[in-house]
Amino acid sequence: MRGLDEMALRASDKTAKLGPDIDLDAYGSGPVSYSYVEDLDALSEADKDRMILAGVDAGETERSGTYVQKDTSVSFEKSRHYVN
C-alpha cells in the first residue's frame with residue numbers, strides 16, 4: 001500500500017488531461033460526524049426523497065431491518081424480530 005500512496009502523492013501535482021483540474025485541498029481528509037436519527041418519519045420530505053433514490057424507503061414497510069450510514073457515521077439502525 002505504501003507504493004500506492006507514493007504514486008498518488010506524485011500524481012496529485014499533475015494537470016488533468018481532460019476537463020478542469022480538481023483542487024484536492026478543497027476536500028477534508030478527516031471523518032465528519034453526523035447525528036443519529038431516532039425515527040425516519042422525522043426526516044424532511046427532501047431527505048426522504050434522497051433516501052428513496054438510494055433504495056431506502058423511510059416508511060420501513062415490508063422488511064426486517066434498516067441500516068443507514070452517512071460517511072463514517074451510523075445515522076439509523078432498526079431491526080424487527082418476527083415470531084411465528
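Per-residue answers, yes or no, for (1) under 19 Å from the mean Cα position of the chain (by Cα); (2) under 24 Å from TYR67 (Cα atoms):
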site: GLY3; (1), (2): no, no
site: ALA8; (1), (2): no, no
site: ASP13; (1), (2): no, no
site: LYS17; (1), (2): no, no
site: ASP21; (1), (2): no, no
site: ALA26; (1), (2): yes, no
site: SER33; (1), (2): yes, yes
site: VAL37; (1), (2): yes, yes
site: LYS48; (1), (2): yes, yes
Filter result (among the hydrophobic types (A, V, I, L, M, F, W, C), in contact (Cβ under 8 Å) with a residue 24 or more places away in the chain and more than 13 Å from ASP41 (Cα to Cα)) within region 51-84: VAL68, VAL74
Lone qualifier among VAL74, VAL68 - being assigned to a strand (DSSP E or B) and in contact with a helix residue (DSSP H, G or I) (Cβ under 9 Å, 6 or more places away or on another chain): VAL68
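Return a yes/no flag: does region 15-25 have any residue that is small (Gly, Ala, Ser) and either surrounded by 11 or more Cβ atoms within 10 Å (Cβ to Cβ) or assigned to a helix (DSSP H, G or I) (or both). Working first, answer last.
Within region 15-25, the first condition is being small (Gly, Ala, Ser), and the residues that meet it are 16, 19.
Checking the rest, the ones that are also either surrounded by 11 or more Cβ atoms within 10 Å (Cβ to Cβ) or assigned to a helix (DSSP H, G or I) (or both) come to none.
Checked region 15-25: no residue is small (Gly, Ala, Ser) and either surrounded by 11 or more Cβ atoms within 10 Å (Cβ to Cβ) or assigned to a helix (DSSP H, G or I) (or both).
Residue-wise test of (1) of a type in the set (S, T, N, Q); (2) touching an Asp or Glu at 6+ places or on another chain (Cβ under 9 Å); (3) at pLDDT 85 or above; (4) loosely packed, with under 10 Cβ neighbours inside 10 Å.
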| position | (1), (2), (3), (4) |
| --- | --- |
| SER12 | yes, no, no, no |
| ASP47 | no, no, yes, no |
| VAL56 | no, no, no, no |
| ARG63 | no, yes, no, no |
| SER73 | yes, no, yes, no |
| ARG80 | no, yes, no, yes |
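The values are calculated or read from the model by the stated rules, or taken from the named source; none is laboratory data. Everything numeric here is computed off the predicted structure, so don't read it as measured data. As a convention, Cβ positions derive from the backbone with ideal geometry for all residues, glycine included, and neighbour counts pool all protein chains shown.
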